[in-house]
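Just so it is clear, none of the values below were taken in a lab; they were calculated from the coordinates. Just so we're clear, the structure is a prediction, and the values are computed from it rather than from any experiment. Glycine also receives a Cβ, built like all others from the backbone with ideal geometry; neighbour counts cover every protein chain displayed.
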Amino acid sequence: MKQSIPFKTNEKGIGAFAIPLDGKLPKGLFVIRTDYKTSTGKECYDQHRIAIADFLENKHRLKNIFTKQYGGDANCHDLKRKLERFKKVGIGKETHAGLDSKDVYDVYQSYGVEVADCNIISRLYKLGTRQKAGFEILKEIKHKTYPYADDADNILVRDFKLDSNGKITPEYLEKFKHAVSEFVKARPWVRLWRPLHEFYAAFPVSWWSETNDPEEAAYKFAQLQKAFVEGVREVNPKALVSQDSPCNMAPASGIAETDRLNAACNKLGVKFDIIGFHPYRYPNRKYFTNNNWLSYLPVYSAEILRLTLILRIDI
């Protein structure tokens, strides 16, 4: 099927026109190629994928493998309108959602949308800036705001540099674990917890290790992970726990980071329920050592546009 359609652009060079397909296609998935040619001789093309199908109720067996992207919608004024669309087209998962409110969680559930994961830790900023000062666990998440290091009334614990003179001591780990427990206990509806997406990568290796040693940095990070896991399971043993999701899966970056963290966590006896990653480059298992998490844990893509795979699917 080919058809030529004249169109005009405004003074900014922007034009819009409808593609006349109503009633012309049967049910199914289609790719439409649109070639553009202007009066000045410029040419370009787009490819659009469209589906002709009956609307759904978000009760189908594989709905949980699809999400539109990651997070953010919980803060939108038109959340219900978006969730209604998710329900009709079969989007059954949301990642990185802000679930500080049980009311928001219930709204997601009412449209058949499951929330995959929630963060406990927040990045901390220097007063009046967007420059990172460290991290902390807050009593209350204030969306679309930047928590500052001096917001004492809303902070349960800050990072070990701010609250423990740069040392990860048994006393600091106990304080950190207690803060995790307090945060999780106040939100029993969350089913999957992790510390923070791209947590380790938010700071350079030299921040974690004064000698800029990746192995030492991984071990310090693993100590926090151990306190995090214990803090969650102490108050909600039914919740799943995931490690930090690295910002990529490149062999020399995200994969190497995960491999070092895996080795350090094994030394400390840290056990997760599921492993998360941001697959901006897909992993090759040959880069992982034996006894690595990927050999025995379910995997979920915590951040990728258009499609999220949750490989632990209830069938």
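Just how large is the dipole of segment 167-251 about the Cα centre, in debye to the nearest 20, putting +1 at every Lys and Arg Cβ and -1 at every Asp and Glu Cβ? Each step should come with its number before you reach the end.
Working: 11 positive and 11 negative charges, 113 e Å.
Result for segment 167-251 is approximately 540 debye, rounded to the nearest 20.
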Among Gly23, Thr40, Gly13, the residue whose Cα sits farthest towards the positive end of the charge dipole of segment 1-53, when +1 is placed on the Cβ of each Lys and Arg and -1 on the Cβ of each Asp and Glu, is Gly23
Give the total of Lys-Lys pairs in segment 1-53 with Cα-Cα distances below 28 Å; include a pair only if its members are 8 or more places apart or on different chains. 10
Work out how much length Ser101 to Lys126 would gain on full extension: take 0.36 nm times their residue separation and subtract the Cα-Cα distance, in nm to one decimal. 6.3 nm
What full-extension length gain, to one decimal in nm, is calculated for Ser4 and Lys167 as 0.36 nm per residue of separation minus the Cα-Cα distance? 51.8 nm
Given N residues in segment 1-53, what is its alpha carbon radius of gyration divided by 2.2 N^0.38 Å? 1.32
